[in-house]
Every structure is written in C-alpha cells, then in structure tokens.
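Engineer: The structure that follows is given in the form of structure tokens.
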Amino acid sequence: MTSHTGPDDVIATAAQAEEATGNGGDSFTTLPRESYFSAEWFEREQELISSRQWLYAGHESEIREAGGFVTREVGDESVIVMRDENGEIHALFNVCRHRGARICPESSGSAKRLVCPYHRWTYGLDGRLLGAPAMPDTFERTKYPLHRAHACSWNGLVFVNLSIDRPSSSGVSSSACSPTSTRST
Ligand code: FES
C-alpha cells in the first residue's frame, strides 16, 4: 500500500523544518507526485494561493487609458482589471449582478461601459450599476455594483487579491503597494 502525502502534510513538514532551521526550504528537493495531478492538491492551492494571495495581473501599460481592461482567470474566477475615468484601477468580478452571466468575454480591450450581453445591465468603469432595463422604479441600482476584488499597483505592476478580508500589502511589497479597492458585498 502506498502512503498518501497530502498538501497539508507537506505544509506541516515545511513549517516544522522552518521552525527547526529557520529555513523551510532545506529539507525539500521536490514535491510529491500527487501535487501535479491530484484534485485535493489543486483545491488546497486554490484555497491557499488563488483566493488569498496577491497575484500579478498585468502591467499598467496594458490599461493606460480610461476604459482599458484585461480579464484574468484567478482560480475559478474571472476578474476584469479596469482603469476608470479618474485613473484608478479596479478589479471587478466578471459576473453580472442580475443573473450571473459573464459580462466580458474578451481578454483585453477598451470600453466606455461594461454591458452584460444577457439583459443589458450596464456598469460603469468602476463597477457601479448604471442601467438595469425593465427593472421596476423601486429598484435601487446602488445596491448592485459588480463585486470587487482588491487591486493595487506597485511600480506599474498590477496585482489582484480575491481575499474577502482586507489583505496586507506585504505579499507584494514592503511599503509601496497599498490595496486600492475592497471587495464589496
Ligand atoms: S444576467 Fe446580466 S443583465 Fe441579466
């Protein structure tokens, strides 16, 4: 019977090695074979990396003008990284607040607005809901902006972080990169 080495076993061993030596890398030469194909490892990576860490999403030069955007797949999510009219960069979940359709199919481009192809809900460059056709007069658009991830820029490098909590900037830079937006509900 072969022994099973799960991601948490490796994490625990690394933590022990780090505590013992102050250097968690010395005791490893390679990852176990399961790490390359197992669903368990993939899920743990998603949990520990994709949904918590600052991840590089592109360079500011890719979205130099207002309306410039790139879309990035982060774990299971699609995120629109977009510059607004004030020059601020936003990381917006590419999921319509109406029925959950994917809003932006392109990997990059420029847009004046984000318009969902399904029922034409229309969002501003900062994710605010601007138009919702066929909704009743009592409908409060302000309650339905696109969900946001955290975004920051450091020396022209743009990072996103899908953490629900406000992440620290330490994973990106010691000081220069402060999160610029927070994930909304
Ligand atoms: S799903 Fe986007 S407008 Fe209906």
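Where a number appears in this text, it was derived from the coordinates with a stated rule and is not lab data. The model shown is predicted, which means the values in this text are computed figures rather than measured ones.
Engineer: Would you kindly state how much longer the chain becomes between Ala15 and Ala134 on full extension, computed as 0.36 nm times their sequence separation minus their alpha carbon distance, in nm to one decimal? Walk me through the numbers before you get to the answer.
Structural biologist: On the way: separation 119, 0.36 × 119 = 42.84 nm, distance 5.55 nm.
Full extension from Ala15 to Ala134 adds 37.3 nm.
Engineer: Where Rh is the Kirkwood radius over the Cα pairs of the range 56-161, the temperature 25 °C and the viscosity 0.890 mPa s, what D in µm²/s does Stokes-Einstein return? Walk me through the numbers before you get to the answer.
Structural biologist: Working: Rh = 13.8 Å.
Translational diffusion coefficient: 178 µm²/s.
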